[in-house]
Amino acid sequence: MAPVKGEDKEEIPDCKYEYLDHTADVQLHAWGDTLAEAFEQCAMAMFGYMTEIDSVEMLETQEIEAEGHDMLSLLFHFLDEFLFLFCAEPFFIARKVKILEFNREEFKIRAQGFGEEFQLGKHPQGSEVKAITYSNMQYHEHEGKAEVFVIIDI
């Protein structure tokens, strides 16, 4: 882990996601001006479902890399890498996610999460996210707007 420095410590992106009801699971709907921003927002939505995200301080960073064979598998693996960071040492929870490299041709992402180690006394426990699913996973790009839909198993 590396300490958070400079503008990344102060700048929290606007919330561009919502939770949609889904039988026994939760569907994340996230959007942004670009597909990369929609992916970032979707990861932040997942973390926001696990705890009250306002309680997370941006003290450390964790970097992930993900790849897929198409855009949906890339989204799946991107979220799964961040879920793994939360489920294994150092139990990292991100308040902010920034995509550093987004290769649409080779379906590769390098991203950084800004947050801290999850601590029960400090962070209210939300719902446990057991897995990311492909069920009804979607992404849409329109002029100046992109959105993603992902169902997570809770």
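The values are calculated or read from the model by the stated rules, or taken from the named source; none is laboratory data. Everything numeric here is computed off the predicted structure, so don't read it as measured data. Positions of Cβ are generated from backbone atoms using ideal geometry, with glycine treated the same way; all protein chains shown enter the neighbour counts. For the accessible areas, the whole protein counts, side chains as well, though only heavy atoms, and no ligand, DNA or RNA atoms are used. Shrake-Rupley method; radii C 1.70, N 1.55, O 1.52, S 1.80 Å.
Under 19 Å between C-alpha atoms is the cut-off here; go through region 1-113 and count lysine pairs that meet it, provided they're at least eight residues apart or on different chains.
7
For the chain, compute Rg over Rh where Rg is the Cα radius of gyration and Rh is the Kirkwood radius from the inverse mean 1/r over Cα pairs.
That ratio equals 0.94.
Tell me, what is the FRET efficiency for Ala2 and Glu52 to the nearest 0.05, using R0 = 25 angstrom and their Cβ-Cβ distance as r?
Working: r = 25 Å, r/R0 = 1.00.
Efficiency for this residue pair is about 0.50.
Heavy atoms only, probe 1.4 Å: what % of the accessible area of the chain goes to carbon and sulfur, would you let me know?
46
Which order, highest average first, do 118-130, 2-14 follow once you tally other Cβ atoms within 10 Å for each residue and take the mean per peptide?
Values: 118-130: 12.9, 2-14: 10.9.
Descending mean neighbour count gives 118-130, 2-14.
Just flag the GluC sites (Glu not before Pro) in region 43-120 sitting in loop per DSSP whose Cβ has no more than 13 other Cβ atoms within 10 Å. Let's see the in-between values first.
Working: sites: Glu52, Glu57, Glu60, Glu63, Glu65, Glu67, Glu81, Glu101, Glu105, Glu106, Glu116, Glu117; in loops: Glu52, Glu57, Glu105, Glu106.
Within region 43-120, the qualifying GluC sites (Glu not before Pro) (loop, at most 13 other Cβ atoms within 10 Å) are Glu52, Glu105, Glu106.
Report the label-to-label distance for Tyr134 and His69 in nanometres (one decimal), using points 7 Å from each Cα along the Cα→Cβ vector.
Those two pseudo-labels are separated by 0.8 nm.
Between Glu143 and Asp14, what's the calculated FRET efficiency when r is the beta-carbon distance and R0 is 22 Å? Round to 0.05.
It comes out at approximately 0.65.
Return one whole number: the accessible area per residue of region 39-123 in Å², for a 1.4 Å probe.
Working: 3670 Å² over 85 residues.
Result: 43 Å² of accessible area for each residue.
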